[in-house]
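Just so it is clear, none of the values below were taken in a lab; they were calculated from the coordinates. Treat the numbers as computed from the prediction; the structure is a model and nothing was measured. Cβ sites come from the backbone with ideal geometry, for glycine too, and all protein chains shown count toward neighbours.
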């Protein structure tokens, strides 16, 4: 019984598929090449107002049935600017479901459609400036204080798409930060190498063409130097983690504007003049803006 059911379904599917595509002969073409006649009509299920796709080799057109008899149908091109590309006597493929027009197009057209739906990996250079503000800080072997901290930085990144909407970037940063305590001010300079993982969201282009929100997380490592009058200390600094959210606006195919905000945790181990290591842990917030050059 199961075998009979499977056989029945197979035959039904084959029959439906066979009728889905039809090879038809063009019986006549009007002088304006806006209408044409085919030998299939009401007996084949075509009704006035029906639409169909007609394809051959690298050409595909869409037409509407305006006059239907038992065995013949007069069709009119839906696109009023189009010209019917086939001659009388041509044998072409007919399909009645317009929602599948892309799937019935020739192989070249199918490849174009599929390619348009796949995100093409791109590379870009990002040039940014940023300002930062200190949120919290702890320094080893000192009493807890809340200094006023702020600074500016310059960044350059190389960004590359991975797959889908996931990308990564690697970059360099120079940062200069001023730390104001009561009675003293320090200047910290940092040079960092940074790597981020980024994810772009696709809902924003519906409102601004090409615009994208993105989220990112990353880490960095480099050197730090803190100085004031009569004092200088330096050592390694690690950035872990940095979490950012931003938005990218394209100007054209090559250039765009980028704006982001980030929360960053830095840990610095600087060697003082007496040989002791001072560890500073701090959290900063920064806002960056700049230009993207896409290749």
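Provide the gained length on full extension for the span residue 223 to residue 148, in nm with one decimal, where the gain is 0.36 nm per separating residue minus the Cα-Cα distance.
Details: separation 75, 0.36 × 75 = 27.00 nm, distance 2.18 nm.
Fully extending the segment from residue 223 to residue 148 adds 24.8 nm.
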* Equivalent ellipsoid semi-axes for region 123-294, as square roots of 5 times the alpha carbon gyration tensor eigenvalues: give them largest first, rounded to whole Å. => 34, 15, 14
* **Full-extension gain in nm, residue 279 to residue 252, via 0.36 nm per residue minus C-alpha separation** => 5.1 nm
* State the extension gain, in nm to one decimal, for the chain segment bounded by residue 33 and residue 215, taking 0.36 nm per residue of separation less the distance between their alpha-carbons. => 60.1 nm
* Using a Förster distance of 45 Å, the FRET efficiency for residue 294-residue 23 (Cβ separation, nearest 0.05) -> 0.45
* Zone of residue 199's modelled label, taken as backbone nitrogen in region 217-233 under 18 Å from a point 7 Å along Cα→Cβ -> 217-219
* Dividing the Cα convex hull volume of region 207-295 by residue count, how many Å³ per residue is that? -> 117 Å³
